[in-house]
1. Which one of these is among the charged types (D, E, K, R) and at pLDDT below 90: E42, E83, E111?
2. State yes or no: is L62 loosely packed, with under 10 Cβ neighbours inside 10 Å, assigned to a helix (DSSP H, G or I) and among the hydrophobic types (A, V, I, L, M, F, W, C)?
3. Please enumerate the residues belonging to segment 199-229 that are over 18 Å from A172 (Cα atoms) and among the small types (G, A, S).
4. Looking only at segment 212-223, count every residue that is modelled with pLDDT of 80 or more and either surrounded by 19 or more Cβ atoms within 10 Å (Cβ to Cβ) or touching a Gly at 6+ places or on another chain (Cβ under 9 Å) (or both) and tell me the total.
5. Take L121 and decide whether it is closer than 30 Å to C202 by Cα, in a helix (DSSP H, G or I) and at pLDDT below 85.
6. Cβ-Cβ distance below 7 Å, separation of 6 or more or different chains: which pairs start in segment 164-186 with a residue that is free of Cβ contacts under 8 Å to residues at least 24 places away in the same chain and end on one that is part of a helix (DSSP H, G or I)?
Amino acid sequence: MQIDWLTVAAQIVNFLVLVWLLQRFLYRPITQAMARREERIETRLYEAKTAREAVDAEAADLREQQRALEADREAMLNEARQEADALRARLEEDIRKEMDAKRSTWQAHLEEEREAFADKLRQRAGHQVIDIVGRVLEDYTGSDLAGQVAGTFADRLAALDGDEREKLSAAANRAQGPARVESSVALKPGVRGQITRAIHECVAKDIEVEYREDDDLLLGIRLTIGEQTVEWSASRFLHRLETTLDEVMEHGAHRSSGRAPVTG
């Protein structure tokens with residue numbers, strides 16, 4: 001078999017031309033289109049990936065913000081609970097102190113009222129005792145006991161100290177009138193003579209003595225010479241006792257009122 005090399009060469013040339021034509025007008029546009037499509041796909045995939053990453057980042061940021069808000073909320077709740085507990089403790093302490101102060105004040109007032117009532121009761125009892133004694137002495141004023149008291153007054157006059165005697169003597173020298181002896185009842189002549197002798201012996205020899213009655217004197221004698229007075233009587237003793245009792249009660253009341261108040 002004889003090979004026609006010219007035909008073979010022509011066939012090869014035709015094949016190469018066909019390949020070039022296919023490459024130029026078919027394969028290249030197809031590959032370029034595929035490349036562009038792949039590029040668009042890659043771009044879309046990249047954009048989708050970027051968008052997903054952005055979404056994930058935003059979601060993570062939102063979750064972080066949510067955790068931060070939750071932590072802040074818990075912190076604020078804890079702080080509010082602590083402040084509420086502290087406020088409750090302060091209010092309870094204030095209420096306790098106020099109640100203690102009121103209780104102490106009430107107890108102090110109660111004690112003051114009790115002491116005032118006791119003082120008033122003691123004072124009233126003392127005055128009643130004094131009144132009873134005074135009435136008893138009034139009952140004995142008209143008896144012979146009055147004469148015995150007058151005799152006792154003469155003895156007491158004789159027992160005066162030197163200063164008292166000098167004062168009475170000086171008053172007698174200055175006096176223009178008589179010495180005045182007052183008693184609650186009329187004295188018997190013997191008792192008057194005993195008192196007059198005591199005055200002459202202890203005060204002044206020649207002074208005149210006059211006797212009077214005074215209902216205010218309770219079982220006692222009062223001697224008045226000028227501005228000087230000597231008295232010994234149950235009424236004076238009772239008056240001094242009553243004054244002393246009032247002073248003691250008043251001193252006790254001042255001491256109670258001056259006591260420092262108790263506070264809670």
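The values are calculated or read from the model by the stated rules, or taken from the named source; none is laboratory data. Bear in mind that the values here come from a model prediction, so they are computed numbers and not experimental data. Cβ atoms come from the backbone with ideal geometry, glycine included; neighbour counts cover every protein chain shown.
1. On inspection, the qualifying residue turns out to be E111.
2. No.
3. G220
4. Qualifying residue count, segment 212-223: 3.
5. no
6. From residues that are free of Cβ contacts under 8 Å to residues at least 24 places away in the same chain, there are no pairs.
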